[in-house]
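To start, the structure under review is shown below, and the notes come after it.
The values are calculated or read from the model by the stated rules, or taken from the named source; none is laboratory data. Here the structure is a predicted model, which is why all the values come from computation and not from measurement. A quick note on method: Cβ atoms are made from the backbone with ideal geometry, for glycine too, and the neighbour counts reach across all protein chains shown.
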There are 2 protein chains.
Amino acid sequence: MVFINEHYLKLPGGYIFPEIARRVDALGRADPAAAQRIIHCGIGDVTEPLPLVAVSALNAAAAELSRRETFRGYGPAVGYGFLQECISRHDFRERGLQIDASEIFVSDGAKGDCGDILEILGPGNHVAVADPVYPVYVDTNVMAGNTTALCTDGGYGGLMYLPCTPENDFVPAPPKSEKAELIYLCYPNNPTGAMISREQLSEWVEYAMANDSIILYDVAYQAYISEPDLPRSIYEIPDARSCAIEFHSFSKNGGFTGVRCGYTVCPRSVTGRTREGRRVGLHELWTRRFQTRSNGVSYVVQRAAEALYTPDGQKQVAALIEHYLGNARILREGCRRLGLTVYGGVHAPYVWVACPEGVDSWGLFERLLEEANVVVIPGAGFGRCGEGFVRISAFNTRQNVEEVVRRLAGMKM
Amino acid sequence: MVFINEHYLKLPGGYIFPEIARRVDALGRADPAAAQRIIHCGIGDVTEPLPLVAVSALNAAAAELSRRETFRGYGPAVGYGFLQECISRHDFRERGLQIDASEIFVSDGAKGDCGDILEILGPGNHVAVADPVYPVYVDTNVMAGNTTALCTDGGYGGLMYLPCTPENDFVPAPPKSEKAELIYLCYPNNPTGAMISREQLSEWVEYAMANDSIILYDVAYQAYISEPDLPRSIYEIPDARSCAIEFHSFSKNGGFTGVRCGYTVCPRSVTGRTREGRRVGLHELWTRRFQTRSNGVSYVVQRAAEALYTPDGQKQVAALIEHYLGNARILREGCRRLGLTVYGGVHAPYVWVACPEGVDSWGLFERLLEEANVVVIPGAGFGRCGEGFVRISAFNTRQNVEEVVRRLAGMKM
C-alpha cells in the first residue's frame with residue numbers, strides 16, 4: 001500500500017477563502033438582493049484589462065508559432081535568454097545591481113516558486129515567517145515537513161513567528177537570540193500593505209550574514225513602491241547577493257494573474273550546506289530542479305512579459321499602478337472618515353484596517369458584508385497578529401471603489 | 001546555516017542531453033562543414049507549426065483579456081471548468097470511461113506532473129520503473145529521497161527496474177514475488193516506441209489491485225496509437241479507477257511543447273495510507289497541492305488546449321500525427337534497408353534501433369554523428385537495458401527525414 005505525505009494532514013480543511021465563500025453564499029441565500037450588490041475587495045486579483053503591449057506580444061508570438069520557419073518547441077527550462085536578459089538589464093543592472101541574466105529563473109508565478117524553493121532545501125531548517133503572513137509560506141512549509149502540528153493558538157509548532165503590529169510599523173526586527181535559517185520577508189507587505197526601510201532591510205541582511213541564514217524576499221508588489229528611497233530589491237543591500245533569493249511576479253504590475261509569469265533571482269553566491277558541513281551553491285540545485293521538473297514557461301507568455309519592459313509597456317504598467325494606488329487612497333480616506341484607523345495602501349494595493357473597539361476581524365468582516373455588502377479578508381485568516389484587522393484590496397474598478405466608500409459612509413462604527 | 005536537500009547530490013552531473021551537446025559541439029569544432037549539415041533526431045520536440053485552431057484561440061483569448069468586460073485574472077488552480085469538461089467528455093466519457101471533469105487536473109505539462117505527484121506521497125514507497133526509462137521518473141524519485149545512491153552498474157539502489165527487451169516486446173510482466181508500491185508505466189513507450197496490449201495492461205492493474213499499489217500511467221504519446229484495439233487509457237481496464245493516476249500532455253498531439261499544457265487524471269477512488277494504516281484519498285491531497293502551490297495554467301493556453309477538441313482541431317491534430325507517423329515509417333524502412341533491426345515507430349513517434357554486432361549505443365551514436373551527421377540518442381542514456389540501442393525521433397520535417405534516410409543509405413553497417 002502506498003504511503004502518503006502525512007504532513008498534508010496537518011493542514012486544516014480550508015484556506016481562508018473557502019470560509020469567506022461560505023459566508024458570502026449564506027448571505028446570498030438569506031438575502032438575494034444583497035448578494036446582487038456584493039462588491040469583492042477580498043482576494044488580491046487585478047481587474048483592469050491586460051496592457052495592450054502584452055496583448056500584441058501574445059498575438060505576435062502566436063503568429064510565430066503558426067509558421068514552420070518561426071515555430072518554437074521546448075524552450076530553456078529556466079526561461080528564454082531574451083527575457084532573462086531583459087529582466088536583468090531593466091530590473092537590476094540599470095539600477096546598479098549586479099544580477100546576471102543567468103541568475104534569473106523564469107517561472108509561472110511567485111506562488112509556485114515560494115513552494116518550489118523548499119524542494120532544494122533540506123529538512124531541519126528553522127523557518128521564520130511574519131505574523132500576519134501570506135498563507136502560502138506557512139502551508140508550503142507544513143507540506144514540506146518543516147513544522148510540527150497546528151497548535152491550539154493557531155500557529156504551527158517549529159515555525160518562528162515574527163509579530164508585525166502597529167508598534168513596530170509592521171516590520172519585525174531580527175530576533176536577538178533565537179536563530180532562524182530561512183526567513184521569509186515580503187515588502188511591500190501582503191497583507192498589511194506596510195513597507196520596509198533600507199535600514200530595516202539592512203539589519204535583516206546583517207542578521208542573515210551573521211547567522212548564515214537565507215532570506216526569501218518576496219517583492220511581488222514592488223511596482224507599488226512610490227518613493228525612490230525605499231528598497232525595491234534586497235540586492236540594494238550589498239551583502240544580500242550572498243544570503244538572499246528574491247521572488248518577483250508580473251501579476252500585480254502587468255496584470256498577469258491570469259497570464260501567469262514571474263521569476264526568481266538566485267545569485268550564484270548563495271549557498272547551503274550538507275549535514276557534514278560542505279557548502280553547496282543553491283544556483284546549481286535550483287537549475288537542476290528546473291531542468292528535471294519543468295519545460296519552462298509558455299513561449300507566448302514569456303514574449304508578453306518581455307513586452308512589459310518596452311517604453312510603451314512601462315507607460316501602460318505605470319497607468320495600472322496609478323489606478324490601483326488611486327483606489328487605495330480612496331479606500332484609506334473612506335475608512336478614515338468612518339473613524340477607523342488605517343495602515344498600508346501607500347506603497348501597496350492593500351489597506352489594513354484596525355477593527356473598532358470590541359469587534360474582532362471576523363466581526364468586522366460580517367458587518368461589512370451585511371451592512372455594506374462588501375467582502376474583505378478578516379486579518380485573523382493571515383495569522384494571530386492579524387486579529388483586530390481586515391485587509392481591503394484596492395484591486396478593483398474605480399466605480400466599485402467609489403461605491404464601496406459611499407456605502408461605508410452610511411455605516412456607523 | 002541552511003541545510004540543502006542532499007538527495008540532489010546523488011544525481012550525476014548531467015542528463016544525457018548535455019553529453020550529446022558536448023559531442024555535437026566537438027564535431028563542430030573539428031569539422032565546421034559537417035556541423036552545418038547536422039540533422040537532429042534526438043530530443044522529442046515537435047517541428048510542425050501549431051494547429052491554426054490553437055493560434056486562433058490564443059488570439060481570441062488575448063483579445064478577451066484586453067477588455068475589462070471579458071478580462072480574467074486568477075483562474076481555478078486545478079484548471080478552468082470549460083477545459084476539464086471538454087477533456088472529460090472527449091477523452092473519456094465519449095469512449096465509455098467514467099472520468100468526471102472534477103477528476104481532471106490541468107497543468108503546464110506531463111513532465112512537471114510526474115515529479116509533482118511524488119510530493120503528495122510519503123517516503124518509504126518502493127518504486128518500480130521500466131528499463132530503459134524516461135529519465136524524469138528516476139531523477140524525480142532520487143530528488144524525493146526514494147532511492148539510495150547511484151550504483152556502479154548505473155542504477156539507483158532502492159528502485160525496482162523492470163527490464164524491457166526484445167524478448168518481452170519491451171513490455172515487462174508484473175513481478176512474481178517482489179512488491180512495488182508505485183509503478184511507472186508509459187505506453188506508447190518513450191524511448192522504445194513499444195505499445196502494450198489490453199491483456200498486458202490488465203495484468204498490471206490486477207497486480208496493483210492485489211498489492212494495493214498505484215500505477216502512474218503516462219500516455220503522453222496516446223495520439224500515436226493507430227489501432228483501435230489497443231488501450232488508449234488505463235481506465236479502459238475497469239479496476240484502474242481504484243489504482244491508477246494517468247498523465248496526459250498536449251505536447252505531442254497539439255504540438256504544445258512550447259505552449260505548455262497537459263493534465264493528470266486522479267480518480268476519487270485512488271487512495272494511499274498513513275503509517276497507521278488509515279486510507280486517504282489522493283484526489284483530496286492532489287487538489288490541496290494545486291490550491292496551495294499553483295495559480296493554474298495561463299488562461300490563453302487553456303483556451304488553446306480547448307480548441308484542439310473542436311472538429312477542426314481534431315482534423316489538424318490528426319494531420320500532425322499522420323505527418324510524424326509517416327516520418328517514423330520512413331525512418332524504420334531506412335534503417336531496415338541498412339540491415340538494422342528496428343522496433344517501435346508504429347504507435348509512437350520513436351524508432352528504437354538495435355546496434356549492429358560489436359557496436360554499443362554510444363558507438364552507434366558516434367557513427368551516425370560522424371558519418372551521417374545525424375544526432376540520435378544512445379539507448380544507454382535511458383538505462384542499462386537501453387544499451388545496444390539508439391532512439392531516433394520522428395519529430396522532424398519530412399524533408400529532413402528523407403535526407404536522413406538518404407544519408408543512412410550511404411553508410412555500411
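Observations
- Criterion (in contact with a Leu (Cβ under 9 Å, 6 or more places away or on another chain) and part of a helix (DSSP H, G or I)) met by exactly one of A:L340, A:L368: A:L368
- Of all residues in region B:283-296 being within 23 Å of the chain's Cα centre (by Cα) and more than 7 Å from every other protein chain (Cβ to nearest Cβ), the one that is surrounded by the fewest Cβ atoms within 10 Å (Cβ to Cβ): B:T287
- Residues considered: A:A77, A:A63. Of these, the only one that is touching a helix residue (DSSP H, G or I) at 6+ places or on another chain (Cβ under 8 Å), surrounded by fewer than 18 Cβ atoms within 10 Å (Cβ to Cβ), among the hydrophobic types (A, V, I, L, M, F, W, C) and assigned by TED's automatic domain parsing to the domain that holds A:T264 is A:A63.
- The condition of being more than 9 Å from chain B (Cβ to nearest Cβ) and of a type in the set (S, T, Y) holds for only one of A:S66, A:S107, A:S56, that being A:S107.
- In region B:155-197, the residues that are among the basic types (K, R) and either in contact with a helix residue (DSSP H, G or I) (Cβ under 7 Å, 6 or more places away or on another chain) or within 19 Å of B:D218 (Cβ to Cβ) (or both): B:K179
- Residues considered: B:G154, B:G193. Of these, the only one that is within 16 Å of the chain's Cα centre (by Cα) and on the phi > 0 side of the Ramachandran plot is B:G193.
- Within region A:90-116, tally of residues that are in a loop (DSSP other than H, G, I, E, B), of a type outside the set (S, T, N, Q) and farther than 17 Å from B:G296 by Cβ: 4
- Only a single item in (1) among the aliphatic types (A, V, I, L, M); (2) within 25 Å of B:P18 (Cα to Cα); (3) in contact with a Leu (Cβ under 8 Å, 6 or more places away or on another chain) is not met by B:L182, and it is number (2).
- Of all positions in region B:164-177, at least one carries a residue that is touching a strand residue (DSSP E or B) at 6+ places or on another chain (Cβ under 6 Å) and either farther than 22 Å from B:H7 by Cβ or part of a helix (DSSP H, G or I) (or both).
- Among residues of region B:2-13, those that are among the hydrophobic types (A, V, I, L, M, F, W, C), outside any strand (DSSP E or B) and modelled with pLDDT of 95 or more, counted: 2
- Of residues in region B:31-45 being within 20 Å of A:Y299 (Cβ to Cβ) and in a loop (DSSP other than H, G, I, E, B), the one farthest from the other protein chains (Cβ to nearest Cβ): B:G44
- Among the residues listed as A:I321, A:I330, the single one being within 22 Å of the chain's Cα centre (by Cα), surrounded by fewer than 24 Cβ atoms within 10 Å (Cβ to Cβ) and assigned to a helix (DSSP H, G or I): A:I321
- When we screen B:S251, B:S269 for residues that are closer than 19 Å to B:F105 by Cβ, part of a loop (DSSP other than H, G, I, E, B) and over 16 Å from the mean Cα position of the chain (by Cα), the only hit is B:S269.
- Restricting region B:225-251 to residues that are touching a strand residue (DSSP E or B) at 6+ places or on another chain (Cβ under 6 Å) and β-branched (V, I, T), the residue that is farthest from B:S197 (Cα to Cα) is B:I245.
- Checking each residue in region B:69-99 for being among the hydrophobic types (A, V, I, L, M, F, W, C) and at the interface with chain A (Cβ under 8 Å from one of its Cβ atoms) picks out only B:F71.
- For the criterion of being away from every other protein chain (no Cβ under 11 Å), surrounded by 14 or more Cβ atoms within 10 Å (Cβ to Cβ), modelled with pLDDT under 95 and touching a Phe, Trp or Tyr at 6+ places or on another chain (Cβ under 9 Å), A:I16 passes.
- Number of positions in region B:348-370 that are surrounded by fewer than 22 Cβ atoms within 10 Å (Cβ to Cβ) and either of a type outside the set (F, W, Y) or without any contact (Cβ under 8 Å) to a residue 12 or more places away in the chain (or both): 11
- Subset tally (residues that are at the interface with chain A (Cβ under 8 Å from one of its Cβ atoms), part of a loop (DSSP other than H, G, I, E, B) and either modelled with pLDDT of 95 or more or at positive phi (or both)) for region B:122-145: 2
- For region B:217-236, the set of residues classified as in a loop (DSSP other than H, G, I, E, B) and buried (at least 22 other Cβ atoms within 10 Å of the Cβ) consists of B:V219, B:A220, B:Y221, B:P231, listed by residue number.
- When A:E119, A:E48 are screened for being under 21 Å from the mean Cα position of the chain (by Cα), modelled with pLDDT of 95 or more, surrounded by fewer than 19 Cβ atoms within 10 Å (Cβ to Cβ) and not in a strand (DSSP E or B), only A:E48 passes.
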